[in-house]
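What follows is a short report on a single structure.
The values are calculated or read from the model by the stated rules, or taken from the named source; none is laboratory data. Small disclaimer: the values here were computed from a predicted structure and weren't measured. For neighbour counting, all protein chains shown are included, and Cβ atoms are generated from backbone atoms with ideal geometry for every residue, glycine included.
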Amino acid sequence: MISKLGWFLYVSLCDCSPLPDSELQMYGEVHSPEYPQPYPPNLQEQWDLTVPEGYQIRLTFTHLDIEASANCYYDSLTVFYKKKVLGKFCGNENSADGYHPGNQPILSPGNSLTLVFQSDKNNPERHQNVGFSAQYQAIDIDECSAPQPGDGSGPLCSQICLNTLGSYLCSCHHGYELRSDQHTCVLSCGGGIFDEPEGHLFSPGYPNHPPHAMSCQYIISVEQGFTISLNFTDNFHIESMDTPEGPKCLHHWLQVTVSDQQPMKLCGRTSPGLIDTNSNLVKLEYHIDHEGQSNGWSLEYRTHRVMCPFPGSIVKGRVTPVLSEYLYRDYIYARCDQGYKLMMNGQEVERFSTICQSNGQWHLPLPECHIIDCGEPEPLLNGGFNFLSGFQNQYLSVVQYRCNEPFYRLFGDANVNFTCEADRKWRSTHDIIVQPVCLPVCGQPTNHINVYQRIIGGRDAPENTIPWQVLLSVDGARGGGMVIAERWIMTAAHNVVNKGQTVSHVILRIFMGHNDVDTMKQSPLNATSVHVHPEYNNPNSLNYNNDIALIKLQDTITFNSSVMPLCLPAEGATYDTNVMGLVSGFGIADDGSKRFLTNKLKYVPLPVVDQETCRNSITSVKRTSGSIPDLTNNMFCAGIPEGGKDSCQGDSGSPFTLTENGRHWAAGIVSWGVECGRRGTYGVYTRVANYLDWIKKTMQEN
C-alpha cells in the first residue's frame, strides 16, 4: 500500500482588485473538476465565493461523492468563512466512515465563503468517486433581528432599526435626531412643520423628563379651509406652581398660539383634553429650564373642514341639497318654482350655484326668485285684449282678445283666452288658435234703409247705409265699385279697359266713406294693381260677357261705420225671380224734369227679373235698334216693366245687393242696359256668383 503521508496543500493566490458590489454574483454553481466524471488524484483547488455586503451565502449540495476516510484525512471538501472552518466533508450518503452534509444547507455568517477541494495521490476507487456539485445564493441579512453583539458595543441602532435589502437604516423617535454616526440618537426639538391632515406629537423624552433644559417649537399648518383640533392624552405633566387662582406656568410651559387669538399657556398635571382651534395654523412652543422635572405631553391632532352658515331659504324657490351642516367645498344650488326666474343684482341668471369657501363664507349670496313676465301680448289688428286675471303680464295672467265690433269678429266666433305660461309665452286655451285674427264683418251696416227709393227716380242714401259703395275715377271718367276686402275693390271690367287694354293703376282714384262726392274727393285712395277677368273681350261695346274686374288698393282699409265690405255670394247662391235687391251709385239721376250727374249717393230697390223675360225684352229691342249686346248666363236682369227705376251712366261697376239673414251680398255688378229706365227694358248686371272661384284665386295670388 502506498503511504498517504507527506502531502501538502498548495494554494495559488492572485493579486487582483475585488469586484464592486454591483458586479458580484447573487447566485451560482460550483463543482469538482471533471464532474460528473471521477475527479483526478493529487488535486488541490479553491473557490472564493463573494456576494454584496449585507447578504449571506447559502450553500446547498446537490451531490457529494468523495473517498471516505476518518476525519476526511485523504480526500475532502472544506468550507471556510474567513479562517473559520464551517465544515469538512467526504464520503457519500451511504458511507459509514465519511462526513456527508446531507440536505442541510450551509449559511455563511457574512458575504463570503471559501471552498477547498483536495485529493491525495492515490484513488483506488477512481471509477466510483465523482466529487461534488453545489449551488449558492445570496440571502439578505436581517441585521435588525440579529442578537446584540457580546463585545458590549451595544445594538446596531440605539432606537429604531429598519431592515433594507442588503443593509439597514437607523431612525429615531420624535424629539430625537440621528447622530453623525448614523446609529445613535440624541434628544432634540427641531420640531418642524407638520402639514399632514392628522398626526401625533409628543414632547422630547415623553413620558420621561428630558435630561436638560430646552425650548422646542412645533408648527401644524394645513390647507386653508380646514381647522385643527388638538386632543391631549390624560398623561400630562408640565411643572407648575399651585396658587389659589390655579396653576401658574412660571418656568415650564406649553404655549398654544393661534392667529387672531390670545396665546394659551398650559401646565400642571391636568390634561387640557380636546382643544378646537378653529384655525388651519397652530404654533406649539414647549419650554423647560434645567431645574425641576416635567414628564411632558402627548397629543393627537386632526383636521376638520370649515363650516359655512346655513344658506337660508328663497321665497318661491328652493335650495338643494338640504344637509345638516355645510362644510368647505360643499356646493349648493338654487332653483325657482315654476313660473319664477332667478335674479341676482337686478339681472336674470340661467342657473345658480355657490361654494363654501375656506373662510367659512359662501362665495355668492343666494339669489331671489321673481315671477316671470311674458311681455305685452301680441297686438291684435283691428282688435285688442282685456285682462281677466293677473296683471303686468305676469305668470298665469289671463287675457281675452276681442275685435273692434261690430266691424270685425274673431275667427271662429269664439272667445279666445291666452295665459302667460312658464316658458314666457302667451298660449291659447283654445287648442286650434295659435294667434287670434279679427275678420271683417261684411254686409251689415250700422244704419239701415227702411224705405227703398230709386236712382232714376231714386233718393239719396242716408249716411252709413251703403258703406261698401265706391266712387271710381278712371282718368276723370266716373264709375262705381264695391269694397269686398281690406285691400280689394270689385267693379265692372269695362270701367278699367280702354280700347282693349287694361288701364294703368296710376290713373285710378278710389273714393269711399262718404255719400257726398265733394267730401269724398278730399281723401282719394290709390291702386297698386288692376285685374280684369281673362275672358272679358269687348272691343265694340257689344260683348259684356265676363264684365268683372278687381282692383287692389295700395293701403289696407280699416273698417268702420262709413266703410265696410260687402259679402261675396255663398256657394250655390240663387237669384230668385221677383226678389228685391238694392242698386246704388253716383251715376245719372232724374228729378222728374231732367237728368243730371249726381253728387249724392243714390239708391233704388229693384226686383230680379226672370231670365227668359229679360232675354225676350232684349230681342224685341234688337228688332228696332240693331246694335244691342247679347244676354248670357253670366248676366241677370233687374227692374220693373213700366220703367222709371234703373241704374244709369256713371253707375257702372256699382253693386246690386241681395239680402239674406240680414246680410247684404254682392249679387250683381252694374254692367249695361238699353237706355235708362225705358219701359219694357231692364238693367243688366254681371252675375257675381259665377265668378266666386276666380275672385278668391285672384286675391290669394296677388
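Okay, residues lined up against (1) part of a helix (DSSP H, G or I); (2) at pLDDT 95 or above; (3) acidic (Asp, Glu):
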| position | (1), (2), (3) |
| --- | --- |
| Thr519 | yes, no, no |
| Ser523 | no, no, no |
| Pro534 | no, yes, no |
| Asn540 | no, no, no |
| Tyr544 | no, yes, no |
| Asp547 | no, yes, yes |
| Ser562 | no, yes, no |
| Pro565 | no, yes, no |
| Pro569 | no, yes, no |
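Thr320 satisfies every condition listed in (1) surrounded by 15 or more Cβ atoms within 10 Å (Cβ to Cβ); (2) closer than 30 Å to Trp362 by Cα except (1).
Got a sec? Which of Ile193, Ile219, Ile139 is β-branched (Val, Ile, Thr) and farther than 19 Å from Arg302 by Cα?
Working: Ile193 fails: farther than 19 Å from Arg302 by Cα; Ile219 fails: farther than 19 Å from Arg302 by Cα.
Result: Ile139 is the single residue among Ile193, Ile219, Ile139 that is β-branched (Val, Ile, Thr) and farther than 19 Å from Arg302 by Cα.
Can you confirm whether Lys121 is surrounded by fewer than 18 Cβ atoms within 10 Å (Cβ to Cβ), within 29 Å of Leu24 (Cα to Cα) and among the basic types (Lys, Arg)? Judged against the criteria, Lys121 is not a match. Within the set Val186, Val222, the sole residue that is at pLDDT 85 or above and aliphatic (A, V, I, L, M) turns out to be Val222. Scanning segment 491-509 for residues that are closer than 17 Å to Pro524 by Cα and not β-branched (Val, Ile, Thr) turns up Ser504, His505, Leu508, Arg509. Among the residues of segment 70-92, just one is modelled with pLDDT under 90, among the small types (Gly, Ala, Ser) and surrounded by fewer than 18 Cβ atoms within 10 Å (Cβ to Cβ), namely Ala70. Asp242 passes every criterion in (1) within 30 Å of Thr270 (Cβ to Cβ); (2) part of a loop (DSSP other than H, G, I, E, B) apart from (2). For Ile139, all conditions in the list (1) in a loop (DSSP other than H, G, I, E, B); (2) touching a strand residue (DSSP E or B) at 6+ places or on another chain (Cβ under 7 Å) hold save one; what is the number of the exception? Condition not satisfied by Ile139: (1). The set of residues from segment 36-69 being touching an Asp or Glu at 6+ places or on another chain (Cβ under 8 Å), surrounded by fewer than 15 Cβ atoms within 10 Å (Cβ to Cβ) and among the acidic types (Asp, Glu) comprises just one member, Glu53.
Can we say Thr491 is surrounded by fewer than 17 Cβ atoms within 10 Å (Cβ to Cβ) and in contact (Cβ under 8 Å) with a residue 60 or more places away in the chain? Spelling it out, it is not the case that Thr491 is surrounded by fewer than 17 Cβ atoms within 10 Å (Cβ to Cβ) and in contact (Cβ under 8 Å) with a residue 60 or more places away in the chain.
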